Amino acid sequence: SGKYQENARTLGTYLKQQLQALKTDKIKEIRARGLWVGIEFKPQAGKARPYCEQLVQLGMLCKDTHAQTLRLAPPLCITRDELDWALERLRKVIA
């Protein structure tokens, strides 16, 4: 496998671990395949769209899907520093 696939595998594992460590009762489930991540919110946490809108204000693009799920699909060439930047914003918005 190539360097992008290896990056997706390594950083995807890191991203999922960091998201699972979030101290919040808003998240029902975190699903991940490589860097492609779905953060599913519990119904009482509200829909995913307002979280996406807050993240856009902080310079981060993501997509809401199936009402309760926030989808992350970063580029396969993303760096650990860039992921940490994104995680900082996710913690701020989800906390």
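Only four residue types carry charge here, +1 at the Cβ of Lys and Arg and -1 at the Cβ of Asp and Glu. Report the dipole size of the chain about the Cα centre in Debye, rounded to the nearest 20.
My answer is approximately 240 debye.
Any chance you could run the full-extension gain for ILE30 through THR65? It's 0.36 nm times the residue separation minus the Cα-Cα distance, nm to one decimal.
Full extension of this stretch gives 11.2 nm more.
Of the residues LEU19, PRO75, PHE41, the one whose Cα sits farthest toward the positive end of the charge dipole of the chain, with +1 on the Cβ of Lys and Arg and -1 on the Cβ of Asp and Glu, is PHE41.
Based on DSSP H segments of at least four residues, each scored -39500 (n - 2.57), the chain has a per-residue ellipticity at 222 nm of -14500 deg cm²/dmol. Within the accessible area of the chain, the carbon and sulfur atoms contribute 52%, probe 1.4 Å, all protein chains present. Here's the picture: a label point sits 7 Å out from the Cα of GLU88 along the beta-carbon direction, and within segment 1-32 the residues with their amide nitrogen under 20 Å of it are 11-12, 14-23.
Restricting attention to the chain, the count of lysine pairs at 8 or more positions apart or across chains with alpha carbons under 23 Å apart stands at 24.
Loop-located chymotrypsin sites (Phe, Trp or Tyr not before Pro) in segment 1-68 (DSSP state other than H, G, I, E, B) with a sparse environment of at most 15 neighbouring Cβ atoms within 10 Å are absent. Computed across segment 1-79, the Kirkwood radius stands at 13.1 Å (inverse of mean 1/r, all Cα pairs). Close amide-amide hydrogen proximity is noted between ALA48 and GLN68, THR69, each under 5 Å apart and 5 or more residues distant or on a separate chain (H modeled in the peptide plane; Pro and chain starts excluded).
The values are calculated or read from the model by the stated rules, or taken from the named source; none is laboratory data. Here the structure is a predicted model, which means the values were calculated and not measured. So basically every Cβ, Gly included, is an ideal-geometry build from the backbone, and we count neighbours across all protein chains shown. These accessible areas exclude ligands, DNA and RNA; they are computed on the full protein's heavy atoms, side chains included. Shrake-Rupley method; radii C 1.70, N 1.55, O 1.52, S 1.80 Å.
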